[in-house]
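Have a look at the structure below, then the notes.
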């Protein structure tokens, strides 16, 4: 009890027993087994005195440092025993790699590649640990011989020397090839010299020198081969059909194809609005784009046909990138047409071929040709007649194929000029065609007899026709810079009250169309603009400057009520 009292008095200076040193009894020390109390303030003062010491590193687990450490303190190695419960002696909080702690490299990737390739090629490289940067490791003899040059820093005289050596090698190879080819050619001097049979062989005796029978035969075969190659383009030559998929994967984790429409693809509103600003630009074609078509019903993809002989399909709803390229034509593609479900499409090219493609795989299912250029291709819109192909040709005919059998089942031959458009009306029982002969003709499907012939003195050629959403009207792009409206009823009369003008399309087959709700008529023009008219008042609602070249095609998104795609001969497709 006395020992405890003495120890407590020693620790509490305010106690009455410790107020005066004279009256206090002699202090007794605690037993050796008891732990003494450590004063934290004294420890902090001691640490503060040693802050300038470079031997004490900064604790990397600290979130707040209340002094300015030196560079050596910051980069000093971590001392102390390893963490008892950490793998490889490294605490979990310090681990940023599965093998431990990895610091950021202090060397640029290009410099690393340069030194790595230099070491592989010459056997020496710069030492990254050298402070001055002039120390090297590896073959020092080669270093002196090459004047410490790297693979990316070859001297001018060395480059010139290599170019001369490479040129000589190419010339020698070409000379050997030419000698071998001439030696195999009976009509050449090298062959005569090699197979000399007389003292005069291989010597030209003047322009009257005659060829042997073998030489004549070879010359005839050579001329025939050249003639076949030259005339191959006139017969719609066969081209290697191939396709390239540009997306990440053709099927997702649920097994859905890349052409499958998104689940949320539905119209949010029935009211259409005129677009105001540019949303996206697709640039992948190397020449002008002739036609664009949205994927049926959903519009999450858009197909384009170009003069660079390719068709491309682009993602509209997600990434906005090109998904697949279809290559099978040898000349520009004039027109394209989707099937009802979008799984297949047609393409008509200036190489006089019509190709039927599988949209998903990019394979050509079949090819059709009459030896004439197709200007327009259409599938019968009926679901039970998706095997019926209609094509308007340059020889004034509309040709009908049964694609299942690959045979021509009907020809409609009444026009006096190349056929430009085919438009189905009256529940697909009839179709209207326009031609360069400045007339419209109405046909019964399957019967090659014109039931209505429309030709007036004021009419011009109509290279583009579109059907109104209510199926009661046709909008025809006339070459005299106006859009005319015809009824699809029995008489197919011109509606003189509706006339849309203001744009300049003379000489261009600019596509005309309607908004999905039928409130607006839109068309491109020769100056790169897209024009929008109000259907009821026939007044210009808005014009958009879309392209620097002629705006040849435009299409309204089937579900997005205020978005329109345009294409031009400048090679761009723009989304507004």
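Points to keep in mind about this one:
- Among the residues examined, residue 461 does not qualify as assigned by TED's automatic domain parsing to the domain that holds residue 531, touching a strand residue (DSSP E or B) at 6+ places or on another chain (Cβ under 9 Å), exposed (fewer than 15 other Cβ atoms within 10 Å of the Cβ) and not in a strand (DSSP E or B).
- Considered as a group, the residues in the range 446-458 that are surrounded by 11 or more Cβ atoms within 10 Å (Cβ to Cβ) and outside any strand (DSSP E or B) include one that is farthest from the chain's Cα centre (by Cα), and that residue is 455.
- For the range 497-512, the count of residues that are touching a strand residue (DSSP E or B) at 6+ places or on another chain (Cβ under 9 Å), assigned by TED's automatic domain parsing to the domain that holds residue 563, surrounded by fewer than 13 Cβ atoms within 10 Å (Cβ to Cβ) and in a strand (DSSP E or B) is nonzero.
- Flag if residue 469 is surrounded by fewer than 15 Cβ atoms within 10 Å (Cβ to Cβ) and touching a residue at least 24 places away in the same chain (Cβ under 8 Å): yes
- Matching option when the condition is over 21 Å from residue 567 (Cβ atoms), free of Cβ contacts under 8 Å to residues at least 24 places away in the same chain and outside the structural domain of residue 558 (by TED's automatic domain parsing), among 341, 384: 384
- Scanning the range 464-496 for residues that are assigned to a loop (DSSP other than H, G, I, E, B) and under 36 Å from the mean Cα position of the chain (by Cα) turns up 468, 469, 479, 481.
- Only a single item in (1) more than 39 Å from the chain's Cα centre (by Cα); (2) modelled with pLDDT under 85 is not met by residue 443, and it is number (2).
- Members of the range 343-353 found to be surrounded by fewer than 22 Cβ atoms within 10 Å (Cβ to Cβ) and under 24 Å from the mean Cα position of the chain (by Cα), listed by number: 343, 344
- Of all residues in the range 401-422, those satisfying the criterion of being surrounded by fewer than 21 Cβ atoms within 10 Å (Cβ to Cβ) and assigned to a strand (DSSP E or B) are 402, 407, 408, 409, 410, 411.
- Of note, residue 285 satisfies the criterion of being at pLDDT below 85 and not in a strand (DSSP E or B).
- Exactly one residue out of 270, 264 is in a loop (DSSP other than H, G, I, E, B), farther than 22 Å from residue 361 by Cβ, over 26 Å from the mean Cα position of the chain (by Cα) and modelled with pLDDT under 80, and it is 270.
The values are calculated or read from the model by the stated rules, or taken from the named source; none is laboratory data. What you see is a predicted model; the values in this text were computed from it and never measured. Don't worry about glycine lacking a Cβ; one is built from the backbone with ideal geometry, like all the others, and counts go over all protein chains shown.
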